[in-house]
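Comments concern the structure below.
The values are calculated or read from the model by the stated rules, or taken from the named source; none is laboratory data. As the structure is a prediction and not an experimental result, all values here were calculated from the model. Methodologically, a virtual Cβ is constructed for each residue, glycine included, from the backbone with ideal geometry; neighbour enumeration extends over all protein chains shown.
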Amino acid sequence: MAASLYIVVEGEDPGFNIFVNGQALARNEDALESLAGKLKVNPLLEFFSADENSMALLLEQGAGNPEWARHLPQPQWFSPAEGLVTIRALIHFLAEAPAALGSETQPVLLELREYERVLTKTAQHGLRWHLAVSWR
């Protein structure tokens, strides 16, 4: 099963494409969390929030417990500006240190730049966001 970190934008349809594969970010989350600590920014998983939609997806994929999913707290939403601080710090570091994650640096950079694009549009539309996880 491959994990993917994906962006959820507040509302039914934000009016722009929010898709980012997120598999390279999920594969490298431990290294990115450590790097975020060194850069003194929030790690990506600080922006995680489980909501009914993402839990429904997990249940459809055969993961999770239906009873547990019924008792989720309300999703947390974050300002795009908060996320962009982390994303841009990681992009800047990895662009300057292309060997930092070995052969994973370029796929991670590509996904971080896609996150930057989505969060910039999220800010322009005055919306909030959070991360969710999918296992396929």
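How about the range 88-126: which of its residues are farther than 23 Å from SER34 by Cα and surrounded by fewer than 19 Cβ atoms within 10 Å (Cβ to Cβ)?
Filtering the range 88-126 for residues farther than 23 Å from SER34 by Cα gives 117-118, 120-126.
Within the range 88-126, ARG117, THR120, LYS121, ALA123, GLN124, HIS125, GLY126 qualify.
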Check on LEU84, at pLDDT 60 or above and assigned to a helix (DSSP H, G or I): yes
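Limited to the range 38-48, what total is found for residues that are more than 12 Å from PHE93 (Cβ to Cβ) and over 16 Å from the mean Cα position of the chain (by Cα)? Reasoning before the result, please.
First, the residues of the range 38-48 that are more than 12 Å from PHE93 (Cβ to Cβ): 42-48.
The next check asks that each one be over 16 Å from the mean Cα position of the chain (by Cα); those that pass are none.
Residues flagged as more than 12 Å from PHE93 (Cβ to Cβ) and over 16 Å from the mean Cα position of the chain (by Cα) within the range 38-48 amount to 0.
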message: Tell me yes or no: at least one residue of the range 116-133 is over 15 Å from GLU29 (Cβ atoms), within 14 Å of the chain's Cα centre (by Cα) and free of Cβ contacts under 8 Å to residues at least 40 places away in the same chain.
response: yes
task: Name, by its number, the condition in (1) at pLDDT 90 or above; (2) surrounded by 19 or more Cβ atoms within 10 Å (Cβ to Cβ) that does not hold for MET55.
output: (1)
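So which of LEU101, LEU109, LEU72 is among the aliphatic types (A, V, I, L, M) and modelled with pLDDT under 95? Full working, then the answer.
Numbers: LEU101 fails: modelled with pLDDT under 95; LEU109 fails: modelled with pLDDT under 95.
Testing whether each residue is among the aliphatic types (A, V, I, L, M) and modelled with pLDDT under 95 leaves just LEU72.
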- request: For ASN42, indicate whether it is modelled with pLDDT of 95 or more and polar (S, T, N, Q).
  value: yes
- request: Write out, first by first residue and then by second, each pair whose Cβ atoms fall under 7 Å of each other, whose residues are 6+ apart or on separate chains, and whose first residue, in the range 10-30, is over 17 Å from LEU112 (Cα atoms) while the second is among the charged types (D, E, K, R).
  value: GLU10/ARG128; PHE16/LYS121
Selection from the range 94-136 of residues that are farther than 17 Å from LEU5 by Cα, out of contact with any Leu (no Cβ under 9 Å at 6 or more places or on another chain) and not in a helix (DSSP H, G or I): ALA97, ALA99, HIS125, GLY126, LEU127
